[in-house]
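Asker: Shown below is the structure under consideration.
A short reminder: the numbers here are calculations on the coordinates, not readings from a lab. Since the model is a prediction, treat every value here as computed from it, not as a measurement. Here the Cβ positions follow ideal geometry from the backbone for every residue, glycine too, while neighbour counts run over all protein chains shown.
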Amino acid sequence: MNTAVPIPQMRLTRRHFRLWAIASAEQIIGAALSTLAGIAIPMIQITGGAWHLNSFMQGLTGAMGLLGIAIGSPLIGRLSDRQGYLRWFRICPLLILAGSLLVWLCPQLWAMLTGLFIIGFGVGGGYTLDSDYISETMPARWRQMMVGAAKATCSLGFAGAAGLAWWWIKSGLQPDHWNYLFTITGALGLITLLLRIDWAGSPSWLMAHGRRSDAIVAARRLLGPGAIPQEVSHKQTDNATSAGSTSLFRGKNLLRVIFSGATWACEGVGVYGVGVFMPLIILALGIDHSDAQGMGKVLNSVEMTTLVNSCILPGFIIGLLILRHINHGKMMTAGFLVSAAGMALLLWAYSCHLPVWVSVAAFIIFEMALNAGPHLVTFIIPSQIYPLADRGAGTGMAASCGKIGAIAGVFLMPVLLDAGGITLVLWVCIGIMLLGGLISLILTPVVLPDSPSASK
């Protein structure tokens, strides 16, 4: 016999984990997209084909997926608010599949850029819907942890895509078949689409639109026969939306925007600027077995990329373990500063020709600190610091700043590499990590004091 329980008061069950896993798909696909774009670029460079990517085009190639994410996230978020989550929850993986097929079937410059944008557009829409589904259907006690864990699944995309690409290249993938790499994102999009066919709409969205009976059906379909959707005040939501657009840059909210947005932008440079071009950075550092040539060098750089990316998940795990016990602003500050230290160690190792293991250790320090701190908590902090009336606008602004930072980092990384070599790249990365740490250090006592979680 099942007892009816409101969703926020439910115990965590297998249905919650199933929902979480399916709703986290775009986090994995987005990370895979960035990784594969970074691997495809050096493969294109050695094809000897009709088109060659200069530093500008390398940056544009790496940034197209992120540009799609930046546009798709707010646009699909707005459309889903009007039309319902379920439709776009299915369309997003369909877009990912379509973009991947375009890159695979038509390996031309225009098709590659267009396809990467379409994949990113679908991923961006998924980002919005994924977090909404998870936050709205999890027990209140576990909501923050499950949202953070969803973000952590991107580590599977970074490491998994690099590992699959390494295996494929080692098995004989030729450089002129670089486009085959994007069948990985296509397969992930197809699997996600199939898993979402038998699904239900957001109970909270249905409640907010006066469809109580539909909301009850959806809640029970997603979480079991005893689930009761949470009551939602449509009037409150309307007031929040209207107020957020006018008060976001006034008073203490301005400090909140700087705290959440600027730090997210700095984090974006580290995660994507370094992450996308990890193979090129490794090649520039000379830690890839210098005796190899052509695809051998690419293979070795991808192998090293896989090793470094495998440290992203342990970083997230550390962050999740301490999430409920340490002030999130202090977590972010420490993560930025330790990441800067990792980059500084890498610069020292390169300048003084230290053993390869020192450079590898420096990369590991950078990745683990960045993901245990800024990469995890910048995703969580906006919902904690903004009042209800400004929460939607504030979260959107922070996310937009994050994507601007990511796009700038990805676009500028090969340009900096071409202009001043790897030394300039490392100095810029150190400076940006220190800037993020400084902003967090100064504003944490003002914006996010005392408790680890403002939601407590």
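Asker: How many Å³ per residue does the convex hull of the Cα positions in the chain occupy?
Answerer: Working: hull volume 61.3 nm³, N = 456.
Here the figure is 134 Å³ per residue.
Asker: Next question, about the same structure. Please tell me the relative contact order of the chain in percent, rounded to the nearest whole number, where contacts are Cα pairs under 8 Å and at least six residues apart.
Answerer: Numbers: 804 pairs, mean separation 105.3, N = 456.
For the chain, the relative contact order is 23 percent.
Asker: Against the longest alpha carbon principal axis of the chain, how many degrees, from 0 to 90 and to the nearest 10, is the axis of helix 109-137 turned?
Answerer: 40
Asker: Tell me the label-point distance for the pair residue 415, residue 446, using the 7 Å Cα-to-Cβ offset, in nm and rounded to one decimal.
Answerer: Inter-label distance under the simple model: 3.0 nm.
Asker: For the chain, take the longest principal axis of its alpha carbons; what is the angle in degrees between that and the long axis of helix 143-152, to the nearest 10 within 0 to 90?
Answerer: Rounded to the nearest ten degrees, it is 20.
Asker: Which pairs break 26 Å Cα to Cα here: 330/403; 170/403; 151/297; 151/330?
Answerer: Flagged as over cut-off: 170/403; 151/297.
Asker: For the ranges 104-113, 404-413, what's the packing order if you count other beta-carbon atoms within 10 Å of each residue, average per peptide, and put the highest first?
Answerer: Working: 104-113: 15.7, 404-413: 24.5.
Sorting 104-113, 404-413 by mean packing, highest first, produces 404-413, 104-113.
Asker: Let me check I've understood the local charge: for residue 169, count other residues with C-beta under 12 angstrom from its C-beta, Lys and Arg +1, Asp and Glu -1. What total comes out? It would help to have the intermediate numbers written out before the result.
Answerer: Working: positive: 170, 297; negative: 303.
After counting each charged neighbour, the total is +1.
Asker: If you don't mind, there's one more thing I want to ask. Compute the length gained on full extension between residue 145 and residue 51: take 0.36 nm times their separation in residues and subtract their Cα-Cα distance, giving the result in nm to one decimal.
Answerer: On the way: separation 94, 0.36 × 94 = 33.84 nm, distance 4.63 nm.
In short, 29.2 nm is gained.
Asker: Still on this structure, please answer the following. Using a 7 Å offset from Cα along Cα-Cβ at residue 195, what residues in the range 17-37 end up with backbone N under 13 Å from the label point?
Answerer: Flagged as within label range: 17-30.
Asker: How do the peptides 376-387, 273-284, 323-334 rank, highest first, by the average count of neighbouring beta carbon atoms within 10 Å per residue? Present the calculation step by step, with values, prior to reporting the outcome.
Answerer: Numbers: 376-387: 23.8, 273-284: 25.7, 323-334: 20.2.
Sorting 376-387, 273-284, 323-334 by mean packing, highest first, produces 273-284, 376-387, 323-334.
Asker: As an exercise, use a Förster radius of 45 Å and the Cβ-Cβ distance of residue 357 and residue 11 to find the FRET efficiency, rounded to the nearest 0.05.
Answerer: Values: r = 46 Å, r/R0 = 1.03.
In this case the efficiency is close to 0.45.
Asker: For labels at residue 255 and residue 221 in the simple 7 Å Cα→Cβ model, what's the distance in nm?
Answerer: For the pair residue 255/residue 221, the computed spacing is 4.6 nm.
Asker: May I pose another question? When N is the residue count of the range 1-54, what does its C-alpha Rg come to as a fraction of 2.2 N^0.38 Å?
Answerer: 2.20
Asker: Sticking with this structure for a sec: For n ≥ 4 DSSP H runs only, could you compute -39500 (n - 2.57) per run for the chain, divide by its residues and tell me the 222 nm figure to the nearest 500? All intermediate terms of the calculation are to be shown ahead of the outcome.
Answerer: Details: 21 runs with 334 residues, N = 456.
That comes out to -24500 deg cm²/dmol.
Asker: For the range 85-233, what value does the Rg/Rh ratio take when both radii are computed over Cα atoms and Rh is the Kirkwood radius, given to two decimals? Can you show the working numbers first?
Answerer: Numbers: Rg = 18.5 Å, Rh = 17.2 Å.
With Rg and the Kirkwood Rh in hand, the quotient comes to 1.07.
Asker: A further question follows. What does the convex hull of the Cα atoms of the range 245-446 come to per residue, in Å³, rounded to a whole number? Write down the numbers at each step before the final one.
Answerer: Values: hull volume 22.8 nm³, N = 202.
So the per-residue hull volume is 113 Å³.
Asker: Let me ask you something else. Within 10 Å of each residue's Cβ, count the other Cβ atoms and sort 354, 36, 194 from fewest upward.
Answerer: Details: 354 15, 36 27, 194 10.
Result, fewest neighbours first: 194, 354, 36.
Asker: Moving on to the next point. Working out 0.36 nm times the residue gap between residue 322 and residue 94, then minus their Cα-Cα distance, what length gain in nm do you get to one decimal? Kindly include the intermediate steps, with their values, before the conclusion.
Answerer: On the way: separation 228, 0.36 × 228 = 82.08 nm, distance 3.66 nm.
Value of the extension gain: 78.4 nm.
Asker: Taking the Cα atoms only, what angle lies between the long axis of helix 312-322 and the longest principal axis of the chain, rounded to 10 degrees?
Answerer: Computed tilt is about 40 degrees.
Asker: Of all the C-alpha pairs in the range 327-388, what % are more than 19 Å from each other?
Answerer: Numbers: 759 of 1891 pairs.
Cα-Cα pairs of the range 327-388 separated by over 19 Å account for 40 percent.
Asker: So, by mean Cβ neighbours within 10 angstrom, what's the order for 119-127, 295-303 with the highest one leading?
Answerer: By packing density, highest mean first, the sequence is 119-127, 295-303.
Asker: Among 137, 263, which comes first, then next, by fewest other beta-carbon atoms within 10 Å?
Answerer: On the way: 137 28, 263 32.
Final ranking by Cβ density, sparse to dense: 137, 263.
Asker: Give the separation of the Cα centroids, the range 305-360 to the range 77-132, in Å.
Answerer: A separation of 31 Å, based on Cα centres.
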